[in-house]
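Engineer: Below: one structure in structure tokens.
What follows is calculated from the coordinates using simple rules that are stated; it is not laboratory data. All figures in this text were calculated on a predicted structure; none of them were measured in a lab. Every residue, glycine among them, receives a Cβ derived from its backbone with ideal geometry; neighbour counts consider all protein chains shown.
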Amino acid sequence: MSYTGEVTPGGPTDVRELTRLTITKVAVDEKMSNNCYLLRCRESGAQVLIDAAASPETLLPLIGDGGLDRVVTTHQHWDHHRALADVVRETKAVVVAGEPDADAITEQTGVSVDQRVGDGDTVAVGACDLEVIRITGHTPGSICLLYRDPDGHPHLFTGDSLFPGGVGNTFGDADAFATLIDDVETKLFGALPDDTWFYPGHGNDSQLGVERPHLAEWRERGW
């Protein structure tokens, strides 16, 4: 079966096999339906988890006996790190988060952030690298993670900064929305090609080319 990115809490994972990287997507928590992504380097077997959102009883068996090098939290909101303490306790993984959100994540979870990242930093998945792109607005330190597949198109993990149909919620804060839409337009749409496949923190995936025609509409709509 080909990858679709359509997952539901309690349902099966969806797996995308790239030449050098395997992406496993799983949804957790029926109320919030958060997406978690387990990335595995096919050369070394090294694994990185993006957002230990909830349900360690789902995530830990998915990680399996191969161990976990790092767990990345895309932003400080509570629904994206409820399983962080359990996952780190069991795997001893290095904890990664955006610099401006790191203290809040520690306050909420009791877990220290080992690697505080920002624009231009990289997160290793064995022989593969994820580029960190800071997107301010949904939270001060939200990050996206970009994998430039040398054998295909880019893959972008956007947390809650970008979804099919719009940017993340800024809860009525006009200044935060302006920053968010500017960052998304400049750092993502302005820098990456249309065939970039992106994986959000909730719901289905999309491609930048599908969403690009709606940027002006999103800016006008606000949030």
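Engineer: Between beta-carbons, use under 10 Å as the cut-off and find the net charge around Leu208, counting Lys and Arg +1, Asp and Glu -1. List each step's numbers first, then the result.
Structural biologist: Details: positive: Arg212; negative: Asp194, Asp195, Glu211.
Cβ neighbours under 10 Å give a net charge of -2.
Engineer: Also, quick follow-up: What is the ratio of the Cα radius of gyration of the chain to 2.2 N^0.38 Å, where N is its residue count, to two decimals?
Structural biologist: Numbers: Rg = 16.1 Å, N = 223, 2.2 N^0.38 = 17.2 Å.
With N residues counted in the chain, Rg over 2.2 N^0.38 Å equals 0.94.
Engineer: Just subtract the alpha-carbon distance of Asp175 and Glu6 from 0.36 nm times their residue separation and send over the number in nm, one decimal.
Structural biologist: So the chain would gain 57.6 nm between Asp175 and Glu6.
Engineer: From the C-alpha coordinates alone, can you work out the Kirkwood hydrodynamic radius of the range 156-204, in Å?
Structural biologist: Evaluated over the range 156-204, this radius sits at 11.3 Å.
Engineer: Please compute the net charge surrounding Leu60, taking Lys and Arg as +1 and Asp and Glu as -1 over other residues with Cβ under 11 Å from its Cβ.
Structural biologist: Charge balance near Leu60 sits at -3.
Engineer: Percent relative contact order of the range 14-221, based on C-alpha pairs within less than 8 angstrom and at least six residues apart?
Structural biologist: RCO, the range 14-221: 15 percent.
Engineer: Continuing with the same structure: Divide by every residue of the chain the summed helix terms, -39500 (n - 2.57) for each DSSP H run of at least 4, and state the resulting mean residue ellipticity at 222 nm, rounded to the nearest 500 deg cm²/dmol.
Structural biologist: -6000 deg cm²/dmol
Engineer: Still on this structure, I have one more. Along each of the three principal axes of the Cα atoms of the range 138-223, give the extent in whole Å, ordering the values from largest to smallest.
Structural biologist: The Cα atoms of the range 138-223 stretch 41, 26, 23 Å along the principal axes, largest first.
Engineer: Another question, then. Measure of size requested: the Rg and Dmax of the range 69-192, with Cα atoms as the atom set and Å as the unit; please supply both.
Structural biologist: 14.4, 42
Engineer: With both partners inside the range 14-221, how many of the DSSP beta bridges are antiparallel, as a percent to the nearest 5?
Structural biologist: 70 percent
Engineer: Compute and list, largest first, the equivalent-ellipsoid semi-axes of the range 1-68 from the alpha carbon gyration tensor, each √(5λ) rounded to a whole angstrom.
Structural biologist: After scaling each eigenvalue by five and taking roots: 20, 15, 8 Å.
Engineer: Run through the range 1-32 and list the GluC sites (Glu not before Pro) located in a DSSP loop whose Cβ has at most 12 other Cβ atoms within 10 Å. Don't jump to the answer; show the numbers that get you there.
Structural biologist: Numbers: sites: Glu6, Glu17, Glu30; in loops: Glu6, Glu30.
Sparse-neighbourhood loop GluC sites (Glu not before Pro): Glu6, Glu30.
Engineer: Let me ask something additional. Over all alpha-carbon pairs of the range 1-123, lay out the pair-distance distribution in 10 Å bins, whole %, shortest bin first.
Structural biologist: For the range 1-123, the pair-distance distribution reads 14, 46, 35, 6, 0.
Engineer: Report, in whole Å, the centroid distance computed from the Cα atoms of the range 1-50 and the range 199-218.
Structural biologist: So the separation of the two Cα centres works out to 19 Å.
Engineer: Semi-axes, largest first, in whole Å: what does sqrt of 5 times each Cα gyration tensor eigenvalue give for the range 64-109?
Structural biologist: So the three semi-axes of the range 64-109 are 19, 11, 8 Å.
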